[in-house]
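The values are calculated or read from the model by the stated rules, or taken from the named source; none is laboratory data. Since we're looking at a predicted model, the values are computed, not measured. All Cβ positions, even for glycine, are placed from backbone atoms using ideal geometry, and neighbour counts span all protein chains on display. The protein model used for the area step is the full one, side chains on, heavy atoms only, and it has no ligands, DNA or RNA in it. Shrake-Rupley method; radii C 1.70, N 1.55, O 1.52, S 1.80 Å.
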Amino acid sequence: MITKAPGGNAGLIARDLSVLWHPCTQMHDHESLPPVPVASAEGAWLTDFDGRRYFDGISSWWTCLFGHRHPAIVEAIGAQLGRLDHVLLAGFSHEPAVALAERLLAMAPPGLSRVFYADNGSSAVEVALKMSVHAWRNRGQKRSRFVALTGGYHGETLGALSVTDLGLYREPYRPLLVEPLWANSPDAYQAEPGESAAQVAARRLDELDALLGRHAGEVAAVIVEPLVQCAGGMRMHHPDWLAGLRRLCDRHEVHLIADEIAVGFGRTGTLFACEQAAITPDFLCLSKGITGGFLPLAAVLTTATVYEAFYDHWRSGKAFLHSHSYTGNPIACAAALASCALFDDGTVLARIDALGRQLGAALEPLRGHPNVADVRRTGLIAAVEVVADAGSRRPFPPQERRGRRLHAHALAHGVLLRPLGDVVYFMPPYCSTEAEIDAMVAVAAGGIETMVA
Ligand SMILES: Cc1ncc(COP(=O)(O)O)c(C=O)c1O
């Protein structure tokens, strides 16, 4: 059922452009490519006000894990609405917040025992960064530096942006940011000629070891996106590197913050990416898919050791005085509980594995393309690195913005894809069918031709 707006797409676009300021957008771009007004959504599909349908190839910014309007989550939200809408979480509690914390701790890698809620990914990262510094301080150590990875992305509030390596996003605010210590990404795509992925990873760990050694006593935490650095271009690394990173953090006694905001809840083929390296971070940041894409919510899971560093009489001044008004909102927690429950029957991870393989196989023919430098995949995330020349890996000049051509081509063919620069990536919902995956890749392959033409 499509809710028709007076004037269809054109009517809503006109209203939109006279009042809205869209996120992550140069509004001038809408003169050539207006925003797509979405009237309704179901499963993996969005429908606009003219009745055109779009396959959501990126799960609406990686949030709608099970597709749109999954009936179990819709029902859970409805039931919660009939009981409790919202209550502050300071000095008050409610069942969905407690039940979700219990569930998240049961699902997460072993050794995490406390849950602190926030309401978006960037805020979760802020919480983890602040908690880490504050935990050290409460133990009498003044540590105020973070180690961040090149190509990493952790959000756009000032703390999260500080540990984010996206020049365009960072540059205007540089004077306001806390400069981290930068370590090179273990991304295998960065290999020297003849170097294996394992060799790159080992080299990167040696560099990091030396960096942590040089800054002993200064570093509070290393922050990482486990297995896939998403917004930085879907750069992927081997779980062994992650295991090595955990060992280094232990050896140098610094916290490890695992930002699984994009990769958590099955996206990499396991419930959490950290599982593939058999590690437990000191902080696990979750958001995006946590509610199945229905409502904003975030959670930071941490250890008893961190929690105990704050637990004292009020006079000690050790409390973690951080809050957001909608922290642990009951309706969002109810949605998250319903979304987590969808993993219970044990079929979802198998489905992700099957869809991932299908995606990988569909992309395989692109490997030999003269403008494709790399095709990579982890679980149900895949990326195609489009360049001017595959042999030398020479990129197109960024100002040519060729990725936009693919975006426009895909929309014209009923698919939502949104390349990161010239990296064309896919993160379809878990409810996708094999045929939909193939059709999406076929559209992307046509789009790549428009990019390189
Ligand atoms: C790994 C990672 N961390 C943090 C964030 C920030 O989340 P939010 O956009 O909800 O602030 C994102 C968003 O893309 C992300 O991918």
Counting only residues that are within 16 Å of the ligand (Cβ to nearest atom) and either in contact with a His (Cβ under 8 Å, 6 or more places away or on another chain) or of a type in the set (G, A, S) (or both), segment 171-185 contains a total of 1
Where residues in segment 253-276 are surrounded by fewer than 20 Cβ atoms within 10 Å (Cβ to Cβ) and without any contact (Cβ under 8 Å) to a residue 60 or more places away in the chain, which of them is farthest from the ligand (Cβ to nearest atom)? E253
Please count how many residues of segment 374-395 are open to solvent by 20 Å² or more (accessible area, probe 1.4 Å) and farther than 13 Å from P419 by Cα. 12
If H324 satisfies every condition in (1) touching a strand residue (DSSP E or B) at 6+ places or on another chain (Cβ under 6 Å); (2) of a type outside the set (D, E, K, R); (3) open to solvent by 20 Å² or more (accessible area, probe 1.4 Å); (4) in a helix (DSSP H, G or I) but one, which is the exception? (4)
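Out of S113, S93, S123, S60, I need the residue that is buried (at least 22 other Cβ atoms within 10 Å of the Cβ), of a type in the set (S, T, N, Q) and out of contact with any Lys or Arg (no Cβ under 7 Å at 6 or more places or on another chain). Which one?
One residue alone meets the criteria, S123.
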Failed condition for D250, given (1) in contact (Cβ under 8 Å) with a residue 24 or more places away in the chain; (2) assigned to a helix (DSSP H, G or I); (3) not aliphatic (A, V, I, L, M): (1)
Return a yes/no flag: does segment 99-106 have any residue that is in contact with a helix residue (DSSP H, G or I) (Cβ under 8 Å, 6 or more places away or on another chain), open to solvent by 70 Å² or more (accessible area, probe 1.4 Å) and assigned to a helix (DSSP H, G or I). no
Any chance segment 219-232 includes a residue that's over 23 Å from the mean Cα position of the chain (by Cα) and either in a loop (DSSP other than H, G, I, E, B) or of a type outside the set (G, A, S) (or both)? yes
L168 fails exactly one of (1) away from the ligand (no atom under 16 Å from the Cβ); (2) open to solvent by 20 Å² or more (accessible area, probe 1.4 Å); (3) not in a loop (DSSP other than H, G, I, E, B), namely (1)
